[in-house]
Amino acid sequence: MTLSEQLFERAQQTIPGGVNSPVRAFKSVGGTPVFIDRADGAYIYDVDGKQYIDYIGSWGPMLLGHNHPAIREAVIKAAEKGLSFGAPCPAEIEMAELVTKLVPSMEMVRMVSSGTEATMSAIRLARGYTGRDTIVKFEGCYHGHADSLLVKAGSGALTLGVPNSPGVPADFAKYTLTCEFNNLPQLAELFAEKGADIACVIVEPVAGNMNCIPPNPGYLQGLRSLCDQYGAVLIFDEVMTGFRVALGGAQAYYGVKPDLTTLGKIIGGGMPVGAFGGKKAIMQHIAPLGPVYQAGTLSGNPIAMAAGLAALTEISKPGVYESLTAKTTQLLQGLTAAAAKHGVPLCVNQVGGMFGLFFTTASSVSSYAQATQCNIEAFKKFFHLMLADGIYLAPSAYEAGFLSLAHSEADLAATIAAADRAFAQL
Ligand code: PMP
């Protein structure tokens, strides 16, 4: 028995499913999750001492690679001054100033401690601001686990086949309307019918929780126009895409300005951080300025702010996104060629440092229906062959993959060589 297997057995005695977040349990791919001892650069090391090239990157935050010295040192320095104050500190202003500079549609920003808190709070604000109750989300998009958002959700909810969770009262869920991602006529119809009741539309501008699906050309612009026409708040959930697809997020990449934006992951450099922000006229409705209540004991935590500031400072340096994008393209070209060599049908999607692999004969994947029709059995086999060969991919066919700046030419070559061996066995 490996140490990971022993730990998994032990964990299941006291932690539901042995994990603190469902996708980690390997339920959809089978087998035992590897328990991690440490991580550095492009690599993670399990408790049995095995090294893996990591394409999860803590589900996105590790854009600079694991254990980056600038972030580590900032955290140590901040920790020497105390762990939490529950009172304002200067790092919070620095963070707000940096975020509003890098993402100009965010004229004001409030820090929270997770992506879930960010989206939940943004939705409450949109409802409070518009005086309307109904929200619109898209099938397969995941925005964290707040009640209103666990309707036809992606990520673990999709992986485990429970997109509508028990425990969410039907009376709440009825205020969440869903549409197909990348289907603008369907949303236009919904607005025509219910536009006066719709407080907001929330979208992952690049869907990353049903694998990786970019918006069709003009789609985000279409969302903007419909929200303008009906007076609804447009929320870009950039928890995943923020600082991942471009320095200013997907809104900079596609040139569309939302009213509110949510951030997480990279903005905390690995610490538990989220943020929501947007137009001043809307943000001024948040307490204590306005009547919409939102708060947090650990919000703006000094250690988390130090980590986030260090991460954002590093990724603001010239050439970061060119390098990240080029590495990702190189990886996908190699994987595509290796799959073709062995006659394995594979389609890939990429936006900046974010990618998706689809086992399908389709030449492109742009919808939830297409993503869920891919060959899941082929993915599972590929996942386990890669894991055995020291490549750590997300243990689900419905998650995006992430590269970091620490991934070297040699790492990419080793990954492509491992995939070549895996494809030969599919
Ligand atoms: N929004 C998106 C787009 C996400 O990908 C996630 C998490 N993967 C969340 C929200 C929720 O963030 P958290 O897990 O930090 O609550």
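None of the figures in this text is laboratory data; all of them are computed from the coordinates on show. Predicted model, so just to flag it, every value in this text is computed and none were measured. Ideal geometry is used to build each Cβ from the backbone, glycine not excepted, and the neighbour counts take in all protein chains shown.
What residue among ALA91, SER225, LEU260 has its Cα farthest toward the positive end of the dipole of the chain, where the charges are +1 on Lys, Arg and -1 on Asp, Glu, each on the Cβ?
Result: SER225.
For the chain, build the charge dipole from Cβ charges (+1 Lys, Arg; -1 Asp, Glu) around the Cα centre, then report which of ALA304, ALA70, PHE236 sits farthest towards its positive end.
Most positive-ward Cα: PHE236.
Extending each Cα 7 Å along its Cβ direction at GLN186 and VAL47, get the distance between those two points in nm, one decimal.
Modelled inter-label distance: 4.3 nm.
Using Cα pairs closer than 8 Å and at least 6 residues apart in sequence, work out the relative contact order for the range 1-108, in percent.
Relative contact order of the range 1-108: 15 percent.
Figure the gain on full extension for LEU298 and HIS342 (residue separation times 0.36 nm, minus the Cα-Cα span) and round it to one decimal in nm.
This chain segment gains 10.7 nm when fully extended.
Below 15 Å, Cα to Cα, which aspartates and glutamates can LYS27 reach? Residues fewer than 8 away in the same chain don't count.
Excluding near neighbours in sequence, the set is GLU5, GLU9, GLU377, GLU399.
Which residue, ALA207, ALA281, ALA306, tops the fluctuation ranking in a GNM of the chain built on C-alpha contacts under 10 Å?
Sorting by GNM fluctuation, first place goes to ALA281.
Among ARG421, ARG110, which comes first, second and so on when ranked by fewest other beta-carbon atoms within 10 Å?
The order, fewest Cβ neighbours first, is ARG421, ARG110.
Mind checking the alpha-carbon convex hull of the range 309-426 and giving the volume per residue in Å³?
113 Å³
Compute the projected area of the convex hull of the Cα atoms of the range 126-175, averaged over all viewing directions, and report it in nm² to one decimal place.
3.5 nm²
About its Cα centre, what dipole magnitude does the chain give when the only charges are +1 on Lys and Arg Cβ and -1 on Asp and Glu Cβ, stated in debye to the nearest 20?
Once rounded to the nearest 20, the dipole reads 240 debye.
Compute a Gaussian network model of the chain, connecting alpha carbons closer than 10 Å, and tell me which residue from ILE123, ILE76, ILE391 fluctuates the most.
Between ILE123, ILE76, ILE391, it is ILE76 that shows the largest mean-square fluctuation.
For the range 69-315, what is the charge dipole size about the Cα centre, in debye to the nearest 20, if Lys and Arg each add +1 at the Cβ and Asp and Glu each add -1 at the Cβ?
The dipole of the range 69-315 has a size of about 200 debye.
Compute the Rg/Rh shape ratio of the range 106-230: radius of gyration over Kirkwood radius, all on alpha-carbon atoms.
Taking Rg over the Kirkwood Rh, I get 0.94.
Only counting other Cβ atoms within 10 Å, I'd like SER114, SER148 sorted with the fewest neighbours first.
Arranged by neighbour count, lowest to highest, SER114, SER148 become SER114, SER148.
Neighbouring Cβ atoms within 10 Å as the yardstick, rank ILE282, ILE56 fewest first.
ILE56, ILE282
With point charges of +1 on the Cβ of Lys and Arg and -1 on the Cβ of Asp and Glu, referenced to the Cα centre of the range 69-315, which listed residue (GLY290, ALA153, TYR142) lies farthest in the positive direction of the dipole?
GLY290
For the range 215-279 and the range 335-352, what is the separation of their C-alpha centers, rounded to whole Å?
Here the two parts' Cα centres lie 29 Å apart.
What shape does the range 32-142 have by the C-alpha gyration tensor, where a ≥ b ≥ c are the square roots of the eigenvalues, rounded means a/c under 1.5, and otherwise prolate means a/b greater than b/c and oblate the rest?
Since a/c reaches 1.5 but b/c is at least a/b, the shape of the range 32-142 is classed as oblate.
Kindly flag which residue pairs out of LYS137/LYS280; LYS280/LYS327; LYS77/LYS327; LYS77/LYS265 have an alpha-carbon separation exceeding 27 Å in this structure.
LYS280/LYS327; LYS77/LYS327
Counting only DSSP beta bridges with both residues in the range 69-315, tell me the antiparallel percent, nearest 5.
Antiparallel: roughly 35 percent of the beta bridges in the range 69-315.
Using a Förster distance of 30 Å, how high is the FRET efficiency between ILE15 and ALA170, based on the Cβ-Cβ distance and rounded to 0.05?
So, using R0 = 30 Å, E works out to roughly 0.50.
Under 17 Å Cα to Cα from LYS257, which aspartates and glutamates show up? Leave out anything in the same chain fewer than 8 places away.
Within reach: GLU107, GLU204, ASP228, ASP237, GLU238.
Using the eigenvalues of the Cα gyration tensor, what equivalent ellipsoid semi-axes result for the range 176-241 when each is taken as the square root of five times the eigenvalue, whole Å, largest first?
Semi-axes, largest first: 20, 12, 11 Å.
Using only the Cα atoms of the range 69-315, what semi-axes does the equivalent ellipsoid have when each is the square root of 5 times a gyration tensor eigenvalue? Give whole Å, largest first.
So the equivalent ellipsoid measures 30, 19, 18 Å along its semi-axes.
Let me spell out the model: positive unit charges on the Cβ of Lys and Arg, negative unit charges on the Cβ of Asp and Glu, origin at the Cα centre of the range 1-109. What dipole size does that give, in debye rounded to 20?
Approximately 160 debye in magnitude.
I'd like the Karplus ³J(HN,Hα) series for the range 263-278: coefficients 6.51, -1.76, 1.60, θ = phi - 60°, whole numbers in Hz, and an x wherever there's a Gly or Pro.
After applying 6.51 cos²θ - 1.76 cosθ + 1.60, I find 10, x, 6, 4, 4, x, x, x, 8, x, 9, x, 7, 9, x, x Hz.
Per-residue counts of other Cβ atoms within 10 Å, averaged by peptide: what ranking do you get for 124-137, 321-334, 348-361, highest first?
348-361, 124-137, 321-334
Tally Lys and Arg at +1 and Asp and Glu at -1 over the other residues with C-beta under 15 Å from the C-beta of LEU187: what net charge comes out?
-3
How much of the DSSP beta bridge set in the chain is antiparallel, as a percent to the nearest 5?
Of those bridges, close to 55 percent are antiparallel.
Once you've got the GNM for the chain with C-alpha springs shorter than 10 Å, pick whichever of LEU190, LEU289, LEU223 has the biggest mean-square fluctuation.
LEU289
Using C-alpha positions alone, give me the convex hull volume of the chain per residue in cubic angstrom.
139 Å³
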